[in-house]
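The structure appears right after this line, and notes come after that.
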Amino acid sequence: MRLLITASSLLFLAAPGTASQDHKEKVPAATPAGKPVDCLRLIDIRETKVRDDSTIDFITRGNKVYRNTLNGSCPQLGFEKRFSYKTSLNQLCSVDLITVLVSPGLSQGATCGLGKFQPVTLAAGR
């Protein structure tokens, strides 16, 4: 069992944006570029891009992209575009949970489960 330790929590923030109604515009096409992995090392995660309520792209060192399709829709994630997670390990895994950060004041919103991390090649310009 994993222990959740607040002291080791990491917070990913992105500027909130308006949610587009066009799903294709929000989530760029991606081509699988290898087998999915269960975990990413925290030290390797350079940036995250929330695409919609169920899709997050994790960009790692060397600009490798891992698409995570959550286990179901995570309300307000696509609108707020920011989340937090807590872990006592040095990696983020498919069994971990994220929590949407809601404005104003970054209060906690929905808590949702991550899926596997699929390495992908994004369509040009994304």
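Okay, residues lined up against (1) within 22 Å of residue 108 (Cα to Cα); (2) surrounded by fewer than 14 Cβ atoms within 10 Å (Cβ to Cβ):
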site: 31; (1), (2): no, yes
site: 39; (1), (2): no, no
site: 43; (1), (2): no, yes
site: 63; (1), (2): no, yes
site: 74; (1), (2): yes, no
site: 79; (1), (2): yes, no
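Is it fair to say residue 100 is assigned to a loop (DSSP other than H, G, I, E, B), touching a residue at least 12 places away in the same chain (Cβ under 8 Å) and of a type in the set (A, V, I, L, M)?
no
How many residues does the range 103-126 hold that are in a loop (DSSP other than H, G, I, E, B), aliphatic (A, V, I, L, M) and surrounded by 15 or more Cβ atoms within 10 Å (Cβ to Cβ)?
Kept after step one, since they are in a loop (DSSP other than H, G, I, E, B), are these residues of the range 103-126: 103-106, 114-116, 123-126.
With aliphatic (A, V, I, L, M) added as a condition, the list becomes 106, 114, 123-124.
Next, from what is left, pick out any that are surrounded by 15 or more Cβ atoms within 10 Å (Cβ to Cβ): 114.
Summing the residues that are in a loop (DSSP other than H, G, I, E, B), aliphatic (A, V, I, L, M) and surrounded by 15 or more Cβ atoms within 10 Å (Cβ to Cβ) in the range 103-126 gives 1.
May I ask you to list the residues in the range 95-125 that are in contact with a Gly (Cβ under 7 Å, 6 or more places away or on another chain) and within 16 Å of residue 59 (Cα to Cα)?
119 - this is the single residue of the range 95-125 that is in contact with a Gly (Cβ under 7 Å, 6 or more places away or on another chain) and within 16 Å of residue 59 (Cα to Cα).
Return the residue satisfying two criteria in turn: it lies in the range 81-97 and is in a loop (DSSP other than H, G, I, E, B) and among the polar types (S, T, N, Q), and of such residues it is least open to solvent (accessible area, probe 1.4 Å).
Ranking the qualifying residues of the range 81-97, first place goes to 87.
Which numbered condition in (1) over 12 Å from residue 120 (Cα atoms); (2) over 10 Å from the mean Cα position of the chain (by Cα); (3) assigned to a strand (DSSP E or B) is the only one that residue 49 fails?
Only one criterion in (1) over 12 Å from residue 120 (Cα atoms); (2) over 10 Å from the mean Cα position of the chain (by Cα); (3) assigned to a strand (DSSP E or B) is unmet by residue 49, namely (2).
Given the residues 18, 60, 6, 87, which is the only one that is in contact with an Asp or Glu (Cβ under 7 Å, 6 or more places away or on another chain) and modelled with pLDDT under 95?
87
Go through (1) in a loop (DSSP other than H, G, I, E, B); (2) touching a Gly at 6+ places or on another chain (Cβ under 7 Å) and name the single condition residue 68 misses.
Unmet condition: (1).
The values are calculated or read from the model by the stated rules, or taken from the named source; none is laboratory data. Owing to the predicted nature of the structure, the values given are computational and were not obtained by experimental measurement. Every residue, glycine among them, receives a Cβ derived from its backbone with ideal geometry; neighbour counts consider all protein chains shown. When the accessible area is computed, the model is the full protein with side chains, heavy atoms only, and any ligands, DNA or RNA have been set aside. Shrake-Rupley method; radii C 1.70, N 1.55, O 1.52, S 1.80 Å.
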